[in-house]
Amino acid sequence: MRRIAIIPARAGSVRIPGKNERIFHGEPIIKYSIDVAQQSGLFEQVWVSTDSARIGAYAQALGAHWLLRAGELAGPKAGTQAVVQHAVRQLSIEPGAKVCCIYATAPMLQIRDLDRGHNALTSQDAFTIAVGTEPLRDAGMFYWGWAESFEQGIPLYTVTSRVVPIPENQVCDINTEADWQKALAMFAALKGGQSHLPDNSK
């Protein structure tokens, strides 16, 4: 069974300019997502979907593949599901394959979290979604789904989806400058004040 990671990473960002490329504890923040996907051993391929040749070249330098998107999919209203649906179609990912959308701004994502999401996705589910629990909310990290779930445009949150709780000290959906500063502090606390990649052991 094929397993593919798709990382949406457009160049523009309204609230945090250049968010997906911005330096986070010494590295462009997208590098953390590419690294954890590659180090997990879960994926046959890791793809970055972007409207920027610069981001694409950086992803390729890290050993990932990249896919150019344009038009409405490059704008601020493009959702991750539409972006992954485009990638599934462009890459001809067949039904029965497992696809994981990994956010480009998820520096505290761990291999064990991806593994739990993968294991939770059964034939009865459309998606498994990483969530924070206090309160219940999107963790801004990842969600797994079947290729056909993306192809058919099935809504992310339905009775056919299940959630994967993430420890609260890892959860920070980065959308504003305040979120960014909070994530910097949380990352440092997780690593005991050291600025380096997470310990991505299972």
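The values are calculated or read from the model by the stated rules, or taken from the named source; none is laboratory data. Only a predicted model underlies this, so the values are computations on that prediction, with no experimental measurement involved. All Cβ positions, even for glycine, are placed from backbone atoms using ideal geometry, and neighbour counts span all protein chains on display.
Among G71, G75, G63, which is under 28 Å from E27 (Cβ atoms), surrounded by fewer than 16 Cβ atoms within 10 Å (Cβ to Cβ) and modelled with pLDDT under 95?
Within the list G71, G75, G63, the selection yields G75.
Given the condition aliphatic (A, V, I, L, M), surrounded by fewer than 18 Cβ atoms within 10 Å (Cβ to Cβ) and either touching a helix residue (DSSP H, G or I) at 6+ places or on another chain (Cβ under 6 Å) or more than 17 Å from Y143 (Cα to Cα) (or both), answer yes or no: does some residue in the range 105-113 qualify?
no
Taking only the range 42-64 into account, find how many residues are closer than 24 Å to G145 by Cβ and either in contact with a Phe, Trp or Tyr (Cβ under 8 Å, 6 or more places away or on another chain) or touching a residue at least 60 places away in the same chain (Cβ under 8 Å) (or both).
9
Within the range 40-93, count every residue that is closer than 24 Å to I154 by Cα, among the hydroxyl-bearing types (S, T, Y) and outside any loop (DSSP other than H, G, I, E, B).
Looking only at that region, the number is 3.
Could we say that A74 is over 28 Å from T122 (Cβ atoms), touching a residue at least 60 places away in the same chain (Cβ under 8 Å) and of a type outside the set (S, T, N, Q) here?
Considered against the rule, which asks whether it is over 28 Å from T122 (Cβ atoms), touching a residue at least 60 places away in the same chain (Cβ under 8 Å) and of a type outside the set (S, T, N, Q), A74 comes out as yes.
If a residue must be over 18 Å from Y32 (Cα atoms) and buried (at least 19 other Cβ atoms within 10 Å of the Cβ), how many such residues does the range 162-179 contain?
2
Taking A82 as the residue in question, decide whether it is of a type in the set (A, V, I, L, M), over 16 Å from the mean Cα position of the chain (by Cα) and surrounded by fewer than 19 Cβ atoms within 10 Å (Cβ to Cβ).
No: the conditions fail for A82.
Just to be sure, is I16 free of Cβ contacts under 8 Å to residues at least 12 places away in the same chain, in contact with a helix residue (DSSP H, G or I) (Cβ under 8 Å, 6 or more places away or on another chain) and surrounded by fewer than 20 Cβ atoms within 10 Å (Cβ to Cβ)?
Judged against the criteria, I16 is not a match.
Search the range 149-178 for residues that are within 20 Å of H118 (Cα to Cα) and acidic (D, E) and pair each with any residue that is modelled with pLDDT of 95 or more and part of a loop (DSSP other than H, G, I, E, B) when their beta-carbon atoms are under 8 Å apart and the residues are at least 6 apart or on different chains.
Taking only residues 6 or more apart or on different chains, the pairs are E151/P95.
Of everything in the range 128-180, what is closer than 20 Å to I111 by Cβ, touching a helix residue (DSSP H, G or I) at 6+ places or on another chain (Cβ under 9 Å) and assigned to a helix (DSSP H, G or I)? Give them in sequence order.
Correct list: N169, Q170.
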